[in-house]
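Q: Sharing a structure with you now.
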Amino acid sequence: MTRRERLMATLRGEAVDRPAVSFYEVGGFTVDPSDPDPFNIYNSPSWQPLLRLAEEKTDLIRMVGPALAPAPGNRRGEFITEEAWEGEGSRFRRTTVRVAGRTLTSVSRRDPGTDTTWTTEHLLKDADDLCAYLELPDEVFDVVADIRPLVDAEAKVGDAGILMVDTGDALAEGAALFSMDDFMVLAFTEKALFHKLLEKLAAPIQRTVERVAREFPGRLWRIYGPEYAAEPYLPSRLFNEFVVRYDQPLVQAIEGNGGFCRIHCHGRVKAVLPAIVEMGASAIDPLEPLPQGDVTLAEVRREFGKDLVLFGNLEASDLENLEPAEFAPLVDRALEEGTSGEGRGFVLMPSASPYGRDITRRTMANYETMVEKAAGRAR
């Protein structure tokens, strides 16, 4: 089977020649190792063997979103300004929102040694800030989606894998406006107010997903954000209220157009798995092992494996910190539990990927183990 055929068969619940293996963001994000930008960690020599291994030996699942442009009549510029600058070796970005007599600001920082962005000041600090933010006209959020980047990316991947359309949900966007502490307190104590925010954010997301799912049908999608309404952040009883209510229409649009919806949810998912199945999703990731998660892969396979393709369940910290002799049994266990008995499908995958400039020999050896162990289970 080609790598594309293997992944599509896995999603459809058909037999495959061996379990698929993905390195998640490594091979998932399009990067340019030749770019000399000092903030591009992937030009580090230590990254090159890992990038080659992902491209040549893994079942690529390329994560790409549609191009979003302001819709006609979009009023973002009336209320929101952005500025970027460099200083003290870092890159900064400030967003300023002026609405309802208030000035709201957020600041983010990017450092050259890590491929991540830190929010040093969040836009909304309290309920009063949220009330002001809700005064923004709906036209501020109106966008038009262009699927050409998806078509181009899929053509470049070819038979080496598949494309995965990537989107956050209303909860992902809403939670990111606050610090984690402020988000959890406000979502728990001011639910009616927080729902107003989710409703405002959900409408343009739904329009975009419906359009892209219709114009680019039959593909795998990832929806991220549901973990904010799962433990340890919020009690799982709020999952239906904050996730299912807003995400089920997205799932229905994707699956109704022949696609496959993968729900991204870190942490303790045991209590929310029934809701994910009831939403009609096709898959879940990353199904973290104990103790980061609260349910074994074998249990999920036994109870929900006929409904969901399971992506996981290796912990990224183990991949980077364990010696190969310690890591190998974890790969064996994941492959055994993910493929035993009846089930729709399984993809061997870590919960995340390195984001630093240096890839150690130990980490590289553990990635090689994933590839070798998956290949060793060929039928």
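The values are calculated or read from the model by the stated rules, or taken from the named source; none is laboratory data. Everything numeric in this text was worked out from a predicted model, so none of it was measured. Positions of Cβ are generated from backbone atoms using ideal geometry, with glycine treated the same way; all protein chains shown enter the neighbour counts. The area values use the complete protein model at the heavy-atom level, side chains included, leaving out ligands, DNA and RNA. Shrake-Rupley method; radii C 1.70, N 1.55, O 1.52, S 1.80 Å.
Q: Hand me the list of helices (runs of 4 or more DSSP H) wholly inside the range 260-376 holding 1 or more residues that are closer than 30 Å to Phe39 by Cα, at pLDDT 95 or above and open to solvent by 50 Å² or more (accessible area, probe 1.4 Å).
A: 316-321, 361-375
Q: Another question about this same structure. Are there any pairs with C-beta distances below 8 angstrom linking a residue in the range 285-303 that is closer than 15 Å to Gly267 by Cβ to a residue that is acidic (Asp, Glu) and part of a loop (DSSP other than H, G, I, E, B), with the two at least 6 apart or on different chains, and if so which?
A: Qualifying pairs under 8 Å: Glu288/Glu315; Pro289/Glu315; Gln292/Glu315.
Q: Of all the residues that make up the range 143-158, how many are in contact with a Pro (Cβ under 8 Å, 6 or more places away or on another chain) and either open to solvent by less than 40 Å² (accessible area, probe 1.4 Å) or over 17 Å from Ala71 (Cβ atoms) (or both)?
A: Result for the range 143-158: 4.
Q: Out of all the residues in the range 234-248, is one or more of a type outside the set (Gly, Ala, Ser), in contact with a strand residue (DSSP E or B) (Cβ under 9 Å, 6 or more places away or on another chain) and either outside any helix (DSSP H, G or I) or open to solvent by 30 Å² or more (accessible area, probe 1.4 Å) (or both)?
A: The answer is no, given that none of the residues of the range 234-248 is of a type outside the set (Gly, Ala, Ser), in contact with a strand residue (DSSP E or B) (Cβ under 9 Å, 6 or more places away or on another chain) and either outside any helix (DSSP H, G or I) or open to solvent by 30 Å² or more (accessible area, probe 1.4 Å) (or both).
Q: Find all pairs meeting these conditions: Cβ atoms under 8 angstrom apart; at least six residues apart or on different chains; first residue within the range 172-192 and farther than 26 Å from Arg222 by Cβ; second residue modelled with pLDDT of 95 or more and aromatic (Phe, Trp, Tyr).
A: Leu186/Phe178; Leu186/Phe194
Q: Let me ask something additional. Can you confirm whether the range 116-126 contains a residue that is assigned to a strand (DSSP E or B) and in contact (Cβ under 8 Å) with a residue 40 or more places away in the chain?
A: Yes; the residues of the range 116-126 include at least one that is assigned to a strand (DSSP E or B) and in contact (Cβ under 8 Å) with a residue 40 or more places away in the chain.
Q: Right, here's the next one. Scan the range 55-69 and give yes if some residue there is in contact with a strand residue (DSSP E or B) (Cβ under 6 Å, 6 or more places away or on another chain), more than 30 Å from Pro286 (Cα to Cα) and either among the hydrophobic types (A, V, I, L, M, F, W, C) or assigned to a strand (DSSP E or B) (or both), otherwise no.
A: Taking every residue of the range 55-69 in turn, at least one turns out to be in contact with a strand residue (DSSP E or B) (Cβ under 6 Å, 6 or more places away or on another chain), more than 30 Å from Pro286 (Cα to Cα) and either among the hydrophobic types (A, V, I, L, M, F, W, C) or assigned to a strand (DSSP E or B) (or both).
Q: Scanning for something open to solvent by 20 Å² or more (accessible area, probe 1.4 Å), in contact (Cβ under 8 Å) with a residue 24 or more places away in the chain and not in a loop (DSSP other than H, G, I, E, B), does the range 20-37 turn up at least one residue?
A: no
Q: Which residue, of Ala15, Ala84, is more than 23 Å from Asn366 (Cβ to Cβ), aliphatic (A, V, I, L, M), open to solvent by 40 Å² or more (accessible area, probe 1.4 Å) and in a strand (DSSP E or B)?
A: Ala84
Q: Answer with yes or no whether Leu68 is loosely packed, with under 15 Cβ neighbours inside 10 Å and closer than 27 Å to His264 by Cα.
A: Judged against the criteria, Leu68 is a match.
Q: Now for a separate question. Within the range 177-195, work out how many residues are buried (at least 19 other Cβ atoms within 10 Å of the Cβ) and assigned to a helix (DSSP H, G or I).
A: The number of residues fulfilling the criteria is 4.
Q: Can you tell me which of Gly168, Gly161, Gly174 is crowded, with 18+ Cβ neighbours inside 10 Å and farther than 30 Å from Trp85 by Cα?
A: Gly161
Q: Can you tell me which residues in the range 38-53 are surrounded by fewer than 14 Cβ atoms within 10 Å (Cβ to Cβ) and in contact (Cβ under 8 Å) with a residue 12 or more places away in the chain?
A: Within the range 38-53, Pro38, Gln48 qualify.
Q: Please enumerate the residues belonging to the range 196-229 that are assigned to a strand (DSSP E or B), open to solvent by less than 10 Å² (accessible area, probe 1.4 Å) and touching a residue at least 60 places away in the same chain (Cβ under 8 Å).
A: Selection gives Leu220 alone.
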